[in-house]
Amino acid sequence: MTKDATACDVAVPPATVRSIGGRPVVQLGWQFLVLVEVADFAVLRRHLGRPRADLLIGDVSERIATLLPNARTMVAGRHLVEVAFVSEVRLSLDIALIALEAAFETPFDIDGELHKVHLLLGAGTASGHADDVRLVEEAERALVDARIERISVVRDVARSTASIDRIALARDLAGAIENEELFLQYQPKVHVRRQEVTSVEALVRWQHPTRGLVLPGDFIPMAEESRDIVALTLWTIRRSIADQKLLADRGHDLRIFINIAGGLLADTRFVRQVCALVESSGARIGFEITETSVIRDPESAIANLKVFADIGVTIAIDDYGAGLSSLAYLKQLPARELKIDKLFITQLTSSNRDPLIVRSTIDLAHALDMEVVAEGVETPAAMALLSVMGCDMIQGFLISRPINLDALIRFLQSNAHIPAPAELRTPFNRLATVWQRG
Ligand code: C2E
Ligand code: CA
Ligand code: CA
C-alpha cells in the first residue's frame with residue numbers, strides 16, 4: 001500500500017559516540033521530537049471508510065521510518081506519529097522537516113487509488129540533556145500552532161522555560177517551604193532477581209497556589225542559584241526520614257533515596273546538619289548524586305560522601321552517561337549503586353548503539369562492585385533485555401510513576417504477594433500486567 005521512499009541518511013546523523021576514560025560517552029548535541037499529524041483526517045476517513053483510514057497511519061509511519069532510519073518512529077494515535085531523534089547539529093531538524101514535507105508529496109496507493117496525505121508537523125527541540133516531558137510539551141504546543149498556521153512549527157524548550165516568569169517564581173520559592181506547598185512523591189526501584197521493591201526515590205513537587213503543579217525541572221535550578229536549595233533539601237531529608245519510619249511501621253522498611261544537588265556536596269555546614277538529622281533518626285536513607293557535582297570540587301565532595309557513607313547513607317551515582325565524566329572519579333566514590341541515565345534506557349530496544357553502552361556500563365559497575373539501576377524503564381521489552389544483561393534494579397513508568405505516600409503503601413501492599421520467578425521470562429510479562437503504571 002505504501003510507495004517506496006528513499007532513505008534520508010544525511011538528515012539525521014546518529015549522535016557520535018566517543019571514548020573518555022575507556023568508557024563510551026554520547027555527545028548529545030540536540031534532541032528532537034516531531035509530532036506528525038495527518039491533516040483533515042476526518043475528511044479522509046469519510047472518503048476511505050474507517051477500516052482503511054485506520055490502516056493509513058501505519059503506512060505513514062512506515063514511510064517516515066524509511067526516510068529517517070536513525071529516528072525512533074512510533075504510531076501515537078489514529079492520525080498521529082511520533083518521531084524522536086538526536087543529532088549533533090540543530091540543522092538536522094530543518095533538513096528532516098523539509099525531507100518529510102517532500103516525501104509526502106508522493107501520494108499513497110490505497111487499493112489502486114492514489115491519495116495525497118497532507119501532514120502537519122509540530123516539533124520540540126532541546127539542546128543537551130533536557131527533560132523529555134518538556135520536549136513532549138513543546139512538540140504538542142508546536143502542533144497546536146501548526147494546525148492554526150498550516151505550516152510546520154518548531155518550539156525550543158529553552159526559550160519556553162525562559163519565558164516563564166522566573167523572577168516571580170524564585171521569589172515565591174523562599175516561602176514555599178514555610179507555607180507547606182512542597183510535597184514528595186516516591187518512585188519504587190525493583191530488584192530484578194528478587195522481584196521486590198528494595199528502595200524508593202523521593203522526588204519533590206511544588207503545589208503553587210496560583211500556577212498549580214510545578215515540577216522540579218522548573219525550580220531546582222533556580223533554587224540552586226538562590227541557595228534556597230539548602231533549606232529545600234533539608235526539608236526533603238526531614239520529610240523522607242519521617243515517611244521512612246512510617247513505611248517501616250507498616251512493614252515496608254525500604255531505603256529512601258534523596259536527590260542531592262551538586263553545590264551541596266562541598267558545603268560543610270549542610271553536611272553537618274544532614275549528619276545530625278540522619279544519625280539521630282536511625283532511618284534508612286540514600287543519596288543520589290551526579291558525577292558532574294563531584295567534578296566541581298572533587299576533594300571536598302569525595303571527603304563528604306565518605307562521611308555520609310560512614311553514617312550508613314547509601315550513595316548512588318545518578319544520570320550516569322548523561323554528562324562528561326571520568327572513570328578516575330568513579331573509582332574514588334564510596335558509591336554502591338550506579339543509575340544509568342534514562343536517555344539510554346528509553347531507546348534501548350529501538351537503537352543499535354544504546355544496548356552496547358548499557359551492557360558495558362553494567363559490566364563496568366559490577367567490576368567496581370556496584371549494583372546497577374536502570375531508570376526510565378517504560379516497556380516489558382526493555383525490562384527483559386536489561387534482565388538478560390544482568391542489570392540489578394529497574395525503575396520507570398512500567399513499574400510505577402512517582403506516587404504519593406498513601407498510593408505507595410497501597411502499591412506495596414498489593415504487590416507483596418508476587419511469587420518468586422520459576423523461569424526468567426514469564427515473570428516480566430506477569431509483572432507488566434500485574435503492576436500498576438501509577
Ligand atoms: P532524576 O533524579 O533523574 O529523576 C528521574 C526523573 O525521571 C523524574 O522526573 C521522574 O518522574 C522521571 N521518570 C521516572 N520514570 C520514568 C520513565 O519511565 N520514563 C520517563 N520518560 N521519565 C521517568 P521529575 O520528578 O520531574 O524530576 C526531574 C529531576 O529533578 C530529577 O531527575 C532530579 O534531578 C531533580 N529532582 C527531583 N526532586 C529533587 C530533590 O528533592 N532535590 C534535588 N536536588 N533535585 C530533585
Ligand atoms: Ca535521581
Ligand atoms: Ca536520574
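Listed residues 308, 287; which is open to solvent by less than 10 Å² (accessible area, probe 1.4 Å), under 25 Å from residue 186 (Cβ atoms), over 22 Å from the mean Cα position of the chain (by Cα) and within 16 Å of ligand 2 (Cβ to nearest atom)?
On the way: 287 fails: over 22 Å from the mean Cα position of the chain (by Cα).
None of the others qualify; the one that does is 308.
With respect to residue 354, determine if the residue is assigned by TED's automatic domain parsing to the domain that holds residue 309, more than 15 Å from ligand 3 (Cβ to nearest atom) and within 16 Å of the chain's Cα centre (by Cα). Don't jump to the end; show me each part of the working.
Values: assigned by TED's automatic domain parsing to the domain that holds residue 309: yes; more than 15 Å from ligand 3 (Cβ to nearest atom): yes; within 16 Å of the chain's Cα centre (by Cα): yes.
Yes: the conditions hold for residue 354.
Kindly indicate the residue of the stretch 314-331 that is under 17 Å from residue 369 (Cα atoms), within 16 Å of ligand 2 (Cβ to nearest atom) and surrounded by 20 or more Cβ atoms within 10 Å (Cβ to Cβ) and also modelled with the lowest pLDDT among those meeting that condition.
Here the answer is 320.
I'd like the full set of residues that are within 13 Å of ligand 2 (Cβ to nearest atom) and touching a Pro at 6+ places or on another chain (Cβ under 7 Å), limited to the stretch 166-205.
Within the stretch 166-205, 185, 186, 187, 200, 203, 204 qualify.
When residues of the stretch 208-232 are filtered for being open to solvent by 60 Å² or more (accessible area, probe 1.4 Å) and among the aliphatic types (A, V, I, L, M), how many remain?
Count: 2.
Testing residue 199 on (1) surrounded by fewer than 21 Cβ atoms within 10 Å (Cβ to Cβ); (2) within 16 Å of ligand 3 (Cβ to nearest atom), one condition comes back false. Which one is that?
Among (1) surrounded by fewer than 21 Cβ atoms within 10 Å (Cβ to Cβ); (2) within 16 Å of ligand 3 (Cβ to nearest atom), residue 199 violates only (1).
Residue under question is residue 361, and the condition is that it be away from ligand 2 (no atom under 15 Å from the Cβ), at pLDDT 90 or above and crowded, with 20+ Cβ neighbours inside 10 Å; does it hold?
Details: away from ligand 2 (no atom under 15 Å from the Cβ): yes; at pLDDT 90 or above: yes; crowded, with 20+ Cβ neighbours inside 10 Å: yes.
In short, yes.
In this structure, is residue 210 at pLDDT below 95, of a type in the set (Val, Ile, Thr) and more than 10 Å from ligand 1 (Cβ to nearest atom)?
Working: at pLDDT below 95: yes; of a type in the set (Val, Ile, Thr): yes; more than 10 Å from ligand 1 (Cβ to nearest atom): yes.
So residue 210 fits the description; yes.
Does residue 241 satisfy being touching a strand residue (DSSP E or B) at 6+ places or on another chain (Cβ under 8 Å) and among the hydrophobic types (A, V, I, L, M, F, W, C)? Before the answer, list the steps.
Details: touching a strand residue (DSSP E or B) at 6+ places or on another chain (Cβ under 8 Å): yes; among the hydrophobic types (A, V, I, L, M, F, W, C): yes.
Judged against the criteria, residue 241 is a match.
Which residue is most open to solvent (accessible area, probe 1.4 Å), if the candidates are limited to the stretch 249-284 and must be under 20 Å from residue 336 (Cβ atoms) and without any contact (Cβ under 8 Å) to a residue 40 or more places away in the chain?
Looking at residues that are under 20 Å from residue 336 (Cβ atoms) and without any contact (Cβ under 8 Å) to a residue 40 or more places away in the chain, I get 279.
The values are calculated or read from the model by the stated rules, or taken from the named source; none is laboratory data. None of these values were measured; they are calculated from a predicted model. Every residue, glycine among them, receives a Cβ derived from its backbone with ideal geometry; neighbour counts consider all protein chains shown. For the accessible areas, the whole protein counts, side chains as well, though only heavy atoms, and no ligand, DNA or RNA atoms are used. Shrake-Rupley method; radii C 1.70, N 1.55, O 1.52, S 1.80 Å.
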